């Protein structure tokens, strides 16, 4: 829709003052923000993952917290804890860093499985339960996690249940030589994020999220989306395919992408653009397929070529 596009375009331009040459990744994070989905950023160190999350929060003018994952990180360090106040002789809740609008969980696979699991409730129900109290998270809420695919020593791979709660998995990659030259020029004297200003207010963002959910998706396009998701379960090289949650996520993301591009209806190209980032991390290939060099991204591109696209 035009209103959504008018707000999202300045947001993307604002973030691009800090993050150079990654327009598609920024647009996809805006899509995740509109449907309150969470994002897993997987790439090598120094590719701008942390800076991207900070830039998003600064552009929105909302609270930002960072959780640095280590093997000794406890669930109470993330969600909070009750402490005894000697003055009032009562226990008081001291909130953890997860109670923020944008939460960056840095190197999530370095946390112990017990600590990783404490994020499940906040990612799905958008609340945390500490002892006997349940506390709602602020809205909007988006969790962005990072992990390094190269260094595996001392890491704990995310279980399928946790991966399935991430709407998207994105890779930033290295910039082109021109973009890298631009980065060096911008950061020569100071970091551009230090002067980054917010370009939207929270009530406006919540209204944009509501508008995105009202984007029309025709029955043939929805059937195409279902066919793509089901094809991931039926392929001979797949041990575990996309869940129903992934189909719901792909539908919501397609609606948000259509809104970002100024349309009030979803087209098959929206589904095709988002299929890889939304579905690839939810697929588990059989061992023999991996030994042959097949990747989840290759499989999805093959499926997108084989599933019939609905005609106008």
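Yes or no: segment 158-165 includes at least one residue that is in a loop (DSSP other than H, G, I, E, B) and exposed (fewer than 12 other Cβ atoms within 10 Å of the Cβ). No, every residue in segment 158-165 fails to be in a loop (DSSP other than H, G, I, E, B) and exposed (fewer than 12 other Cβ atoms within 10 Å of the Cβ).
Listed here are the residues, each with its yes/no results for (1) within 23 Å of residue 215 (Cβ to Cβ); (2) modelled with pLDDT of 90 or more; (3) surrounded by fewer than 15 Cβ atoms within 10 Å (Cβ to Cβ).
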site	(1), (2), (3)
274	yes, yes, no
288	no, yes, yes
292	no, no, yes
299	no, yes, no
303	no, yes, no
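Mind checking whether some residue in segment 79-86 is part of a loop (DSSP other than H, G, I, E, B) and either more than 18 Å from residue 141 (Cα to Cα) or in contact with a strand residue (DSSP E or B) (Cβ under 9 Å, 6 or more places away or on another chain) (or both)? Within segment 79-86, one or more residues are part of a loop (DSSP other than H, G, I, E, B) and either more than 18 Å from residue 141 (Cα to Cα) or in contact with a strand residue (DSSP E or B) (Cβ under 9 Å, 6 or more places away or on another chain) (or both). Only one of the listed residues (76, 59) is over 25 Å from residue 275 (Cα atoms), in contact (Cβ under 8 Å) with a residue 60 or more places away in the chain and in the same structural domain as residue 96 (by TED's automatic domain parsing). That residue is 59. Return a yes/no flag: does segment 227-244 have any residue that is surrounded by 15 or more Cβ atoms within 10 Å (Cβ to Cβ), more than 13 Å from residue 283 (Cβ to Cβ) and not assigned by TED's automatic domain parsing to the domain that holds residue 33. Yes: segment 227-244 contains one or more residues that are surrounded by 15 or more Cβ atoms within 10 Å (Cβ to Cβ), more than 13 Å from residue 283 (Cβ to Cβ) and not assigned by TED's automatic domain parsing to the domain that holds residue 33.
Restricting 145, 100 to residues that are assigned to a loop (DSSP other than H, G, I, E, B), modelled with pLDDT of 90 or more and either touching a strand residue (DSSP E or B) at 6+ places or on another chain (Cβ under 9 Å) or outside the structural domain of residue 271 (by TED's automatic domain parsing) (or both) narrows the list to 100.
Matching residues to (1) at pLDDT 90 or above; (2) assigned to a helix (DSSP H, G or I); (3) within 16 Å of residue 99 (Cα to Cα):
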{"residue": "40", "(1), (2), (3)": "yes, no, no"}
{"residue": "52", "(1), (2), (3)": "no, yes, no"}
{"residue": "57", "(1), (2), (3)": "no, yes, yes"}
{"residue": "65", "(1), (2), (3)": "yes, no, yes"}
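Screening residue 116 with (1) within 29 Å of residue 55 (Cβ to Cβ); (2) surrounded by fewer than 21 Cβ atoms within 10 Å (Cβ to Cβ); (3) in contact (Cβ under 8 Å) with a residue 12 or more places away in the chain; (4) out of contact with any strand residue (DSSP E or B) (no Cβ under 8 Å at 6 or more places or on another chain) gives one miss only, at (2). For segment 4-14, the condition holds for no residue, the condition being that it is within 15 Å of residue 61 (Cα to Cα) and in contact with a strand residue (DSSP E or B) (Cβ under 9 Å, 6 or more places away or on another chain). For residue 183, the conditions (1) surrounded by fewer than 18 Cβ atoms within 10 Å (Cβ to Cβ); (2) part of a helix (DSSP H, G or I); (3) under 21 Å from the mean Cα position of the chain (by Cα) are fulfilled apart from (3).
A single entry from 261, 230 fulfils the requirement of being farther than 20 Å from residue 102 by Cβ and free of Cβ contacts under 8 Å to residues at least 24 places away in the same chain: 230. The helices (runs of 4 or more DSSP H) located wholly in segment 196-312 that include 3 or more residues which are in contact with a helix residue (DSSP H, G or I) (Cβ under 7 Å, 6 or more places away or on another chain) occupy 202-213, 219-234, 244-260, 268-279, 296-306.
The values are calculated or read from the model by the stated rules, or taken from the named source; none is laboratory data. Please read all numbers here as calculations on a predicted model, not as lab measurements. Glycine also receives a Cβ, built like all others from the backbone with ideal geometry; neighbour counts cover every protein chain displayed.
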